[in-house]
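What follows is a short report on a single structure.
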Amino acid sequence: MENILSLLPEELEALMAQIGEPKYRARQLFSGLHKGLAPEEITNVGKKTVAKLSEVTTYHLPTPRRRLVSAIDGTIKYLFELADGNCVEAVVMHYKHGSTICISSQVGCRMGCKFCASTIGGRVRDLTPAELIGQVIAAQKDMSAHDPDARIGGIVMMGIGEPLDNFDNVIKFLKLVNAEDGICIGYRHISLSTCGIVDKIYELAKQDLPITLSISLHAPDDTTRSSIMPINQKWGVDALLSACKDYFAATGRRISFEYTLIRGKNDSVASAEQLASVLNSRLRSRSETMPIHVNLIPVNPVEESGFDRSEDKAVKAFAAALEKKGIRATVRRKLGADINASCGQLRRAEQNKT
């Protein structure tokens with residue numbers, strides 16, 4: 001049976017008709033469920049209705065197995081346990097404009113990026129729409145218990161897994177989280193990160209959802225990128241940037257490029273100049289100026305990768321070289337440094353322990 005949290009409002013209405021309940025019950029259920037209430041806890045839904053629902057649906061909200069709070073900046077990291085015992089991570093980050101949650105899209109990942117802890121051990125399975133939105137609901141519920149005024153206002157799909165490798169479930173999740181009677185987070189406050197599954201980028205453009213697309217680029221050329229990101233062997237830098245240009249043309253939405261800096265691998269000024277040249281030549285022309293933003297991320301050391309974090313002076317020089325060539329660059333602020341808030345590390349530690 002399907003988890004009731006996976007159902008869109010119109011699907012809940014169809015379900016109500018199926019079990020002989022009035023249409024308005026769907027709205028009551030959807031609103032209550034997305035506040036973190038189990039069906040039996042929704043006061044305006046009767047016991048008979050709940051009993052009927054239990055015969056055709058299930059209900060399970062991800063359970064916080066571990067909750068770590070940074071003493072430095074208040075970042076909250078959750079290790080959520082799913083109904084089958086698998087675990088995923090989510091991180092709530094606090095900014096001046098509000099709180100944003102970074103969620104996982106799969107249990108594990110099969111993309112094989114060499115610098116990423118999330119891909120060690122490969123992909124176990126995809127997350128369902130219920131498990132995707134369940135991370136947001138469970139985190140909001142937990143935060144509200146500690147601070148009634150706390151609210152998650154943004155979502156980043158940059159946790160464990162590759163969102164576009166779980167395309168259908170992710171698209172349904174985006175519609176669920178945007179629904180008016182639920183959490184109702186606007187698409188413009190949602191960012192989806194991909195390592196570069198080109199055919200799915202084109203499919204995403206067709207969905208006409210005004211989210212922000214983030215591209216995990218991490219290298220300016222095919223040789224370097226293929227050595228750290230196996231996906232590049234199928235879709236090279238040129239094909240990926242062509243998809244990005246077409247995505248912008250179709251949606252008008254700015255694309256952000258993520259670039260993990262690895263000492264001695266891709267962090268030289270020469271690499272920065274090459275990156276700027278590639279982005280300018282492939283994405284810009286005299287007749288159009290596509291906004292380009294590169295988010296620089298000093299690599300988080302992962303024992304199995306053998307990669308080292310770039311020195312601060314190298315990071316600054318890289319950013320300056322991009323800016324000099326007309327490419328806006330920022331260095332991602334490291335949040336939750338004292339709680340291993342970087343993606344995949346907590347799940348990996350739990351796996352090693354058990």
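Hey, can you rank 99-109, 240-250 by average C-beta count inside 10 Å, highest first?
With the highest mean Cβ count within 10 Å placed first, the list reads 99-109, 240-250.
Between residue 97 and residue 280, the modelled label-to-label distance comes to 2.8 nm, taking each label 7 Å out from Cα in the direction of the beta carbon.
Here the stretch 140-178 and the stretch 40-92 have alpha carbon centers that stand 12 Å from each other. Charging the Cβ of each Asp and Glu at -1 and of each Lys and Arg at +1, and nothing else, the dipole of the stretch 40-188 about its Cα centre rounds to 180 debye. In the stretch 84-183, the DSSP beta bridges split such that about 65 percent are antiparallel, to the nearest 5. Using Cβ point charges alone (K and R +1, D and E -1), the dipole size of the chain about the Cα centre works out to roughly 720 debye.
Between residue 55 and residue 249, what's the calculated FRET efficiency when r is the beta-carbon distance and R0 is 45 Å? Round to 0.05. The pair residue 55/residue 249 has a calculated efficiency of 0.40. When the Gaussian network model of the chain links Cα atoms closer than 10 Å, the mean-square fluctuations of 311, 81, 131 top out at 311. For the stretch 2-58, the equivalent ellipsoid derived from the Cα gyration tensor has semi-axes of 14, 12, 11 Å, listed largest first. Relative to its Kirkwood radius, the Cα radius of gyration of the stretch 27-139 gives an Rg/Rh of 1.04.
Here the mean projected area of the convex hull built on the C-alpha positions of the stretch 127-253 is 8.5 nm².
Projecting the Cα atoms of 97, 115, 68 onto the dipole axis of the stretch 1-160, where Lys and Arg carry +1 and Asp and Glu carry -1 at the beta carbon, places 115 farthest toward the positive end. Near the amide H of residue 58, within less than 5 Å, lie the amide hydrogens of 2, 3, 4, all on another chain or at least 5 residues away, with H placed in the peptide plane. Building the convex hull from the alpha-carbon atoms of the chain and averaging its projection over directions returns 18.4 nm².
Each label point was placed 7 Å from the Cα along the Cα-to-Cβ direction; for residue 18 and residue 48 their separation is 2.1 nm.
Using Cβ point charges alone (K and R +1, D and E -1), the dipole size of the stretch 1-125 about the Cα centre works out to roughly 340 debye.
Which of 96/141; 96/265; 35/175 have a Cα-Cα distance over 23 Å? Correct reply: 96/265. Applying the Karplus relation 6.51 cos²θ - 1.76 cosθ + 1.60 with θ = phi - 60° to the stretch 220-226 yields 3J(HN,Hα) values of x, 9, 5, 4, 5, 5, 5 Hz, where x marks Gly and Pro.
Packing, as the average of other Cβ atoms within 10 Å across residues, places the peptides 35-44, 4-13, 155-164, 191-200 in the order 155-164, 191-200, 4-13, 35-44, highest first. Just want to confirm a number: the relative contact order over the chain, from Cα pairs under 8 angstrom separated by 6+ residues, in percent. Relative contact order, the chain: 15 percent.
Listed by chain and number, the lysines whose C-alpha is less than 20 Å from the C-alpha of residue 52, apart from same-chain residues fewer than 8 away, are 23.
Rule-based calculations on the coordinates, nothing more; no lab input. Predicted model only: the values in this text are computed from it and were never measured. Note that each Cβ is placed from the backbone with ideal geometry, even for glycine, and that neighbours are counted across all protein chains shown.
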